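The values are calculated or read from the model by the stated rules, or taken from the named source; none is laboratory data. Keep in mind it's a predicted model, so treat the numbers as computed, not measured. Glycine gets a Cβ as well: all are built from the backbone with ideal geometry, and neighbour counts include every protein chain shown.
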Amino acid sequence: MDASNFSMHCFNCSFKCGFTLGKSISSNLKQLMVWCGVDNILIQKWSLESLQYKDLIDYTQVKKVKTRIKFKTIALPDTFDPLDPTNDLHKNYIDYLQGRGINYNEYPFLVSPSERGRQSNRIIIPYTQGNKIVGYISRYLDNRIPKYIKEQQPGYVFGIEFQKSNWTTCIVTEGIFDALSLNACAVTHDDISPEQAEVLASLNKPIIYVPHQDHTGLTAIDRALELGYRVSLPNWGPGVKDINEAVLKYGKVATLLSILQNATQSIIKIKLKRNALGKRV
């Protein structure tokens, strides 16, 4: 996600300075702050606080990778309708999304109330690449197993199109509603396939993997570390096992900060947290 960075350039005197979170204050920026009357102790404090974020943000250059994976366009069934807040038959779907803290206007959700049985009681989330549909996942609202059914091509990563070029980090998780909660990416299962790793590498930025804090979710940690990702296991407390539940309890900003602050590649730290969570779940 985008960090608090800035730069300035005076075209009259050619003076330049800038600030990057995770690095100390440059001599030029320090001079500018002195000119503006900022106390030297405050400057030093700001510099030290910035350095505390050094381990959270990777500023190393990432080798640019172009993915070779292409996805085929698929045709959606005629029974899939766009979610319509003015349609009384769609109220239960909107209530479900709102109950999960998801804005139904921010993604082209589909529903199928005209179908029979369980098929009528689901929200369909299309998989997109550019202007084409390349798959979809259905979330049934009755909570029976299976909760999700999907048509997903090998290598597809949900949320790639959410990522902005000026964001310094990509957050990757398992669940699709977790991704929708923070504009993150979702692999939609408890593993990261080689094809998905290739797609994620094409973003050319560091990745933080946030597993579900349950038995199956914790198994994906080793794979994330193998791929060179950082892993984040925030202490969200009992009853909160994923990003979506954390956002509902703490809000988006607090959840994002907790992910960034707990991101690490330290095997010891991860092992201790995983052991503690394993006992809890």
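Summed over the stretch 84-113, residues that are outside any helix (DSSP H, G or I) and either of a type in the set (Gly, Ala, Ser) or assigned by TED's automatic domain parsing to the domain that holds Lys249 (or both) total 2. Taking each residue of the stretch 109-126 that is in contact (Cβ under 8 Å) with a residue 24 or more places away in the chain and looking for partners that are among the acidic types (Asp, Glu) and not in a loop (DSSP other than H, G, I, E, B) with beta-carbon atoms closer than 9 Å, six or more apart or interchain, yields Leu110/Asp81; Val111/Asp81; Ser112/Asp81; Pro113/Asp81; Ser114/Asp81.
Could you grab me the full set of residues in the stretch 155-175 that are surrounded by fewer than 24 Cβ atoms within 10 Å (Cβ to Cβ) and under 18 Å from Gly101 (Cα atoms)? Matches in the stretch 155-175: Gly159, Phe162, Glu174.
Any residue in the stretch 233-251 that is of a type outside the set (Phe, Trp, Tyr), touching a Pro at 6+ places or on another chain (Cβ under 8 Å), part of a helix (DSSP H, G or I) and over 28 Å from Lys150 (Cα atoms)?
Initially, the stretch 233-251 is screened for residues of a type outside the set (Phe, Trp, Tyr), giving 233-235, 237-249, 251.
Now drop any that are not touching a Pro at 6+ places or on another chain (Cβ under 8 Å), which leaves 233, 246.
Those still in the list that are part of a helix (DSSP H, G or I) too: 246.
Within this subset, residues satisfying the condition of being over 28 Å from Lys150 (Cα atoms) are none.
Within the stretch 233-251, none of the residues are of a type outside the set (Phe, Trp, Tyr), touching a Pro at 6+ places or on another chain (Cβ under 8 Å), part of a helix (DSSP H, G or I) and over 28 Å from Lys150 (Cα atoms).
Please enumerate the residues belonging to the stretch 174-199 that are part of a helix (DSSP H, G or I) and polar (S, T, N, Q). Across the stretch 174-199, the qualifying residues are Ser181, Gln196. Could you look through the stretch 208-218, keep only residues that are out of contact with any Pro (no Cβ under 8 Å at 6 or more places or on another chain) and part of a helix (DSSP H, G or I), and pick out the one that is surrounded by the most Cβ atoms within 10 Å (Cβ to Cβ)? Once the filter is applied, the top-ranked residue is Thr216. Going by what's in this entry, would Lys205 be described as surrounded by fewer than 17 Cβ atoms within 10 Å (Cβ to Cβ), basic (Lys, Arg) and either closer than 21 Å to Ser266 by Cα or in contact with a strand residue (DSSP E or B) (Cβ under 9 Å, 6 or more places away or on another chain) (or both)? When the stated conditions are applied, Lys205 passes them.
So, in the stretch 122-174, exactly how many residues are among the small types (Gly, Ala, Ser) and either farther than 17 Å from Ile207 by Cα or at pLDDT below 95 (or both)?
Residues of the stretch 122-174 among the small types (Gly, Ala, Ser): 130, 135, 138, 155, 159, 165.
Narrowing the set further to residues that are either farther than 17 Å from Ile207 by Cα or at pLDDT below 95 (or both) leaves 130, 135, 138, 165.
Looking only at that region, the number is 4.
In the stretch 241-251 there is no residue matching the filter, namely being farther than 25 Å from Tyr107 by Cβ and either surrounded by fewer than 18 Cβ atoms within 10 Å (Cβ to Cβ) or in contact with a helix residue (DSSP H, G or I) (Cβ under 7 Å, 6 or more places away or on another chain) (or both).
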